[in-house]
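Trainee: First, the structure itself, so that you have it in front of you.
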Amino acid sequence: MIFVILWTIIFAFLAVYLGKSPRVRSWLKLIFKAPRVWRTIIGSVALVLAIVITYLMVPKAAETNIDERSLFEDYAAIAVMKLDSLQVLKVDNDCNMQHPEPELAYVLPLIIGAYNEIVDKPTIPVVTRLDDTLYLAMKGYKQFKNRGIRLNKLLQKKLGQRYKTQIVSEGSNHTLIVTYKGEPWDTEQLMALPVMEAAQINKLDPALLMSLILHVSNFNFNFRGQKDSKGLLALKEGEGLEQVFMGAERLGKMLQVGVSQENAVATFYPDPEINSKPENWSKSPLTKSWVDQVLSDVEFYHANGLTHFGK
């Protein structure tokens, strides 16, 4: 649109400037008296206008921006159902799992661990609600007061002040209620669980995978790399969190056949030089610096709890 306006201004200026010349005016009189020339000019102008109008009227393909929060809610729901399939907990049939709060779903294993630590011969807890509040029913205990107090204290120690917990008892039914009062987790924090799962499946260091995502896309699901590459790891296939698992599989296979970490990481560099060969990455200062940064930040993630598979 700006080009149309710009060219309109240019032509208007030329028309005013040339219109002041007697020679130009005489030529214009001769042209306008020739019907064929006049029809050609009108036809050309009409064609240009038709092209411009058509271009402006055709709707542009809108870029699809991924709703990150929704993706993590879906992932959280799947993660909880996996715990159900492993009989770590049960999900009540009436529990709405459409929008589970990841900040609550992600800490469920920690909560279950604390419950099993406090209670002798624990029954399987039942998730009856998981949206902006977690309800975890613990059935089969006539008395739960002392255990409830100890469980509350342990959870406060493990979860921190951003989480509020309380236990409501009615007869032999006891419900742990957990709410999250802190700021919503950012994408980097929410990425930790899928990264750890993908790393475990492919026997990878999750810190390496996490650092790779950081330096490829900075955790931006809508990242666009060269040509058709896009997403968290700038791959040509996969959307959303799929690329975490696809990238982990690709990285794991390379490391398992003896490819060095440096060479494996270099294949993910999102902006290689034109006509450069992947195997010559070490000769490119930009690529080499990028690989060094990826490997350097692995230690940062180790220090923040992302430990190597099996450790």
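Trainee: If the requirement is being over 27 Å from the mean Cα position of the chain (by Cα), of a type in the set (D, E, K, R) and not assigned by TED's automatic domain parsing to the domain that holds Leu193, which of these qualifies: Asp84, Asp92, Asp74, Asp132?
Mentor: Only one candidate qualifies: Asp92.
Trainee: Sticking with this one: It is to be established whether one or more residues within the stretch 204-225 are aromatic (Phe, Trp, Tyr), outside any helix (DSSP H, G or I) and more than 19 Å from Asn304 (Cβ to Cβ).
Mentor: yes
Trainee: Go through the stretch 115-126 and report how many residues are surrounded by fewer than 22 Cβ atoms within 10 Å (Cβ to Cβ) and touching a residue at least 40 places away in the same chain (Cβ under 8 Å).
Mentor: Summing the residues that are surrounded by fewer than 22 Cβ atoms within 10 Å (Cβ to Cβ) and touching a residue at least 40 places away in the same chain (Cβ under 8 Å) in the stretch 115-126 gives 1.
Trainee: Looking at the stretch 180-199, can you tell me whether even one residue there is in contact (Cβ under 8 Å) with a residue 24 or more places away in the chain and farther than 30 Å from Ser296 by Cβ?
Mentor: yes
Trainee: Also, I was wondering about something else. Among Ser169, Ser217, which is the only one that is at negative phi, surrounded by 14 or more Cβ atoms within 10 Å (Cβ to Cβ) and touching a residue at least 40 places away in the same chain (Cβ under 8 Å)?
Mentor: So the residue among Ser169, Ser217 that is at negative phi, surrounded by 14 or more Cβ atoms within 10 Å (Cβ to Cβ) and touching a residue at least 40 places away in the same chain (Cβ under 8 Å) is Ser217.
Trainee: Oh, and also: Find the residue count for the stretch 76-128, including only residues that are basic (Lys, Arg) and more than 22 Å from Lys153 (Cα to Cα).
Mentor: Number satisfying all stated conditions: 2.
Trainee: Count, please, the residues in the stretch 158-182 that happen to be within 16 Å of Pro100 (Cα to Cα) and acidic (Asp, Glu).
Mentor: Looking only at that region, the number is 0.
Trainee: Out of the stretch 121-143, which residues are out of contact with any Lys or Arg (no Cβ under 9 Å at 6 or more places or on another chain) and more than 20 Å from Tyr163 (Cβ to Cβ)?
Mentor: Selection gives Lys121, Pro122, Lys139, Gly140, Lys142, Gln143.
Trainee: Turning to a different aspect of this structure: Going through the stretch 226-251 one residue at a time, which ones are out of contact with any Phe, Trp or Tyr (no Cβ under 9 Å at 6 or more places or on another chain) and surrounded by fewer than 19 Cβ atoms within 10 Å (Cβ to Cβ)?
Mentor: Those that are out of contact with any Phe, Trp or Tyr (no Cβ under 9 Å at 6 or more places or on another chain) and surrounded by fewer than 19 Cβ atoms within 10 Å (Cβ to Cβ): Gln226, Lys227, Asp228, Lys236, Glu237, Glu242, Phe245, Met246, Glu249.
Trainee: Restricting to the stretch 253-311, what's the tally of residues that are surrounded by fewer than 14 Cβ atoms within 10 Å (Cβ to Cβ), modelled with pLDDT of 85 or more and aliphatic (A, V, I, L, M)?
Mentor: The qualifying residues number 3.
Trainee: Can we say Glu239 is within 26 Å of Leu104 (Cα to Cα), among the acidic types (Asp, Glu), touching a residue at least 40 places away in the same chain (Cβ under 8 Å) and not assigned by TED's automatic domain parsing to the domain that holds Ala76?
Mentor: yes
Listed here are the residues, each with its yes/no results for (1) closer than 15 Å to Val195 by Cα; (2) touching an Asp or Glu at 6+ places or on another chain (Cβ under 9 Å); (3) not basic (Lys, Arg).
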| position | (1), (2), (3) |
| --- | --- |
| Leu233 | yes, no, yes |
| Gln243 | yes, yes, yes |
| Gln256 | no, no, yes |
| Ser260 | no, no, yes |
| Glu279 | no, no, yes |
| Val291 | no, yes, yes |
| Ala303 | no, no, yes |
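Trainee: Now for a separate question. Quick check on my filter: what residues within the stretch 83-135 are assigned to a loop (DSSP other than H, G, I, E, B) and in contact with a Ser or Thr (Cβ under 9 Å, 6 or more places away or on another chain)?
Mentor: The answer is Asp92, Asp94, Cys95, His99, Glu101, Asp132.
Trainee: I need the full set of residues from the stretch 128-159 which are at pLDDT 85 or above, surrounded by 13 or more Cβ atoms within 10 Å (Cβ to Cβ) and hydrophobic (A, V, I, L, M, F, W, C), in order please.
Mentor: Leu130, Leu134, Leu136, Ala137, Met138, Leu151, Leu154, Leu155, Leu159
Trainee: Every residue in the stretch 141-187 that is part of a helix (DSSP H, G or I) and either of a type in the set (S, T, N, Q) or within 17 Å of Tyr106 (Cα to Cα) (or both), please.
Mentor: Within the stretch 141-187, Asn146, Asn152, Leu155, Gln156, Lys157, Lys158, Leu159, Thr187 qualify.
The values are calculated or read from the model by the stated rules, or taken from the named source; none is laboratory data. Note that this is a predicted model, so its numbers are computed, not measured. Don't worry about glycine lacking a Cβ; one is built from the backbone with ideal geometry, like all the others, and counts go over all protein chains shown.
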